[in-house]
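Chemist: For reference, the structure I am asking about is given below.
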Amino acid sequence: MTLFATFTDEQNQLRALVRDYVREKSPETEVRRLMATDEGYDPVIWTQMARDLGLQGLAIPEQYGGQGAGWIELGIVLEETGRALLCAPFFSTVVLAATTLLESGDEEAKEQYLPAIADGSLIATVTLIVEHGCWNPDDVTVRATHDPDGWTLNGTQQYVLDGAHAQLIIVPARTATGISLFAIDTTDSAIVRTPSITLDQTRKLAVVELDSTPARLIGAEGGGRQVLERVLDFAAVALAAEQVGGAEAALDMSTAYLKTRVQFGQVIGAFQALKHMAADVLIEVESAKSAAYYALAAAAADNEELPAAAALARAYCSEAFVTAAHQNIQFHGGMGFTWEVPAHLYFKRARSSELLLGDAGTHRARLAQRIGI
């Protein structure tokens, strides 16, 4: 596989543009404000992201209203939004839903939904998170029934990312031929959606209850399992990039404090024990970044190395983010545990991201299976 050694000038410009934008639009005060809202995002900012920057459509092909960029560019955006703890349905809509539609092979569905995702008018999600944290075909409990009037779904889905406010929900469900994918238009369908109370309120989860809910088949009946296996690999890469951004932010916060906090007549960063701790975090974060970039290159090439690279990146980046966020609290001492210091915001995001789509152990097992050990 050919890996990129450096980013292109255009990619560096994209990073600078997105970093400046989220720094302005997603400061700590805004993150805290949105955490306390039911929606969990600002519709005005969401529209601006699509209209002014084209972020929602960045990796959507031009024929569906997108920019036609690739996974490396999308990974850059996710790294910067993760750094800023951006509160927006970006991962659910752009990574999960758009990728599922693209991989489904359903041309009609792609033409209907992808342009609306690209222009920011549609928020969408996929019910991929189940009881054990990662989608598994054996855990699919929603059942689909077909009659002369069409398909209906019955069942309950826990932990639906941005499920309380998504206008489109893509649901894996059991049919006579296996796992199939269905789209629910929540503006027309009668469903019960209950927001979940979670530790990390920068990501909004919901319980979605389906009771003879009308749905539309996406792709081939029985083809959902193969589609979602691909989607999970791409989503793992995307989440790894986001985790790298969060880990970098936690490390930056740590080093800034170590350079300014004075104790015993000198900055605490001069103490050897803290130097060693900071160096260990730096090595872990930089190693995670390498794993994430390797996986992004595999996703961009869409080759045989993607499944293993995705699992490797998710396992490594999950632990690196948790380590960086945890040590950030430790470096800050007692004040690191207070609500006023934002260290806990990154720790909560690190923990929720660690479990999203499967924890590090799950992805190590996937890696071992994929490389044959």
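Chemist: On the basis of being under 23 Å from Phe90 (Cα atoms) and either in contact (Cβ under 8 Å) with a residue 60 or more places away in the chain or out of contact with any strand residue (DSSP E or B) (no Cβ under 6 Å at 6 or more places or on another chain) (or both), does Leu210 make the cut?
Modeler: Judged against the criteria, Leu210 is not a match.
Chemist: Looking only at region 143-162, filter to residues that are at pLDDT below 95 and part of a loop (DSSP other than H, G, I, E, B); which one of those is surrounded by the most Cβ atoms within 10 Å (Cβ to Cβ)?
Modeler: So, considering only residues that are at pLDDT below 95 and part of a loop (DSSP other than H, G, I, E, B), the one surrounded by the most Cβ atoms within 10 Å (Cβ to Cβ) is Asp149.
Residue-wise test of (1) out of contact with any strand residue (DSSP E or B) (no Cβ under 9 Å at 6 or more places or on another chain); (2) under 29 Å from Arg364 (Cα atoms); (3) not polar (S, T, N, Q).
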| residue | (1), (2), (3) |
| --- | --- |
| Ala273 | yes, no, yes |
| Ala291 | yes, yes, yes |
| Ala300 | yes, yes, yes |
| Ser318 | yes, yes, no |
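Chemist: Taking Leu181 as the residue in question, decide whether it is on the phi < 0 side of the Ramachandran plot, buried (at least 22 other Cβ atoms within 10 Å of the Cβ), within 23 Å of the chain's Cα centre (by Cα) and in a helix (DSSP H, G or I).
Modeler: no
Chemist: Still on this structure: I need the full set of residues from region 139-172 which are touching a helix residue (DSSP H, G or I) at 6+ places or on another chain (Cβ under 8 Å) and under 20 Å from Gln226 (Cβ atoms), in order please.
Modeler: Ile170, Pro172
Chemist: Please find, within region 1-28, the residue that is surrounded by the most Cβ atoms within 10 Å (Cβ to Cβ) out of those that are assigned to a loop (DSSP other than H, G, I, E, B) and at pLDDT 95 or above.
Modeler: For region 1-28, the residue satisfying everything is Ser26.
Chemist: Which of (1) of a type in the set (Lys, Arg); (2) without any contact (Cβ under 8 Å) to a residue 40 or more places away in the chain; (3) crowded, with 16+ Cβ neighbours inside 10 Å does Arg230 not meet, given it meets every other one?
Modeler: Condition (2) is where Arg230 drops out.
Chemist: Residues Ala236, Ala250, Ala166: which one is crowded, with 23+ Cβ neighbours inside 10 Å, touching a His at 6+ places or on another chain (Cβ under 8 Å) and outside any strand (DSSP E or B)?
Modeler: Ala236
Chemist: Could you please let me know if Thr255 is surrounded by fewer than 24 Cβ atoms within 10 Å (Cβ to Cβ) and under 15 Å from the mean Cα position of the chain (by Cα)?
Modeler: Against the criterion (surrounded by fewer than 24 Cβ atoms within 10 Å (Cβ to Cβ) and under 15 Å from the mean Cα position of the chain (by Cα)), Thr255 does not qualify.
The values are calculated or read from the model by the stated rules, or taken from the named source; none is laboratory data. Quantities reported herein were computed from a predicted structural model and do not represent experimental measurements. Virtual Cβ from ideal backbone geometry, glycine too; neighbours counted across all protein chains shown.
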